[in-house]
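Visitor: What follows is a structure written as structure tokens; I'll ask about it next.
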Amino acid sequence: MDTFDDPRLTAMGLLAEVYAGLSAKSAATFAAVKLSEVDFETLIRLARSPERRLRMSDLAAQTSLSTSGITRVVDRLEREGLVERHACATDRRASFAVLSAAGAERLERVLPRHIEDIETWFTGLLTPEELDAFLATLRRIRDVVRPCATAGVQQRVEAS
């Protein structure tokens, strides 16, 4: 086999191409409500978290951003009224990013179109069985390469 035709290289290349293509397809939807992809990712992670809040460190771990990067994003979203910061009662060094009512409203405005985009360009191309297998595979890989991506999820499990 030719070294350059290794299927592992093909898998990585296809994954990168799919991600870039899906990001490009979503850009106009996010721009219509004045959100970037990073803004959306931050807001949706807060919306899907217990009490619609995460410690800043957990939010950084769940996103593709460093701690300082997520701080800058949250600062901007806070200035826009989409996120609030709350002090942590048990750790003075920590704070929570909390989705505001305005942030939830902005998400509610973009979600129908975003879900339509996802259905058109991604999940709608798969059968339900393929989607289930794909999600299980992605979670298995994610849990190895980014175990910190589920930071704060334990709170959700313990609260149930």
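Visitor: I'm told Thr63 meets every condition in (1) within 21 Å of Arg109 (Cβ to Cβ); (2) in contact with a helix residue (DSSP H, G or I) (Cβ under 7 Å, 6 or more places away or on another chain) except one. Can you identify the failing condition by its number?
Guide: So the condition that Thr63 fails would be (1).
Visitor: Is it true that some residue in segment 102-125 is surrounded by 17 or more Cβ atoms within 10 Å (Cβ to Cβ), in contact (Cβ under 8 Å) with a residue 40 or more places away in the chain, under 20 Å from Ala149 (Cα atoms) and under 17 Å from the mean Cα position of the chain (by Cα)?
Guide: No, segment 102-125 contains no residue that is surrounded by 17 or more Cβ atoms within 10 Å (Cβ to Cβ), in contact (Cβ under 8 Å) with a residue 40 or more places away in the chain, under 20 Å from Ala149 (Cα atoms) and under 17 Å from the mean Cα position of the chain (by Cα).
Visitor: State the number of residues belonging to segment 77-133 that are in a helix (DSSP H, G or I) and of a type in the set (Ser, Thr, Tyr). Lay out the reasoning, then the answer.
Guide: First, the residues of segment 77-133 that are in a helix (DSSP H, G or I): 77-79, 101-121, 123-125, 128-133.
Keeping just the survivors that are of a type in the set (Ser, Thr, Tyr) gives 120, 123.
Residues meeting the conditions: 2.
Visitor: Now for a different question. Quick one: count up the residues across segment 25-36 that are over 14 Å from Ile70 (Cβ atoms) and either touching a residue at least 12 places away in the same chain (Cβ under 8 Å) or outside any helix (DSSP H, G or I) (or both). Steps first, please.
Guide: First, pick out the residues of segment 25-36 that are over 14 Å from Ile70 (Cβ atoms): 25-35.
With either touching a residue at least 12 places away in the same chain (Cβ under 8 Å) or outside any helix (DSSP H, G or I) (or both) added as a condition, the list becomes 25-26, 29-30, 32-35.
The total comes to 8.
Visitor: Consider segment 60-76. How many of its residues are touching a Lys or Arg at 6+ places or on another chain (Cβ under 8 Å) and either in a loop (DSSP other than H, G, I, E, B) or over 17 Å from Thr150 (Cβ atoms) (or both)? Reasoning before the result, please.
Guide: From segment 60-76, those touching a Lys or Arg at 6+ places or on another chain (Cβ under 8 Å) are 62-63, 74; that's our starting set.
Going one step further and asking which of them are either in a loop (DSSP other than H, G, I, E, B) or over 17 Å from Thr150 (Cβ atoms) (or both), we end up with 63, 74.
The total comes to 2.
Quick note: the coordinates plus some simple rules give every number you see, no bench work behind them. Model, not experiment: these values are computed from the prediction. Methodologically, a virtual Cβ is constructed for each residue, glycine included, from the backbone with ideal geometry; neighbour enumeration extends over all protein chains shown.
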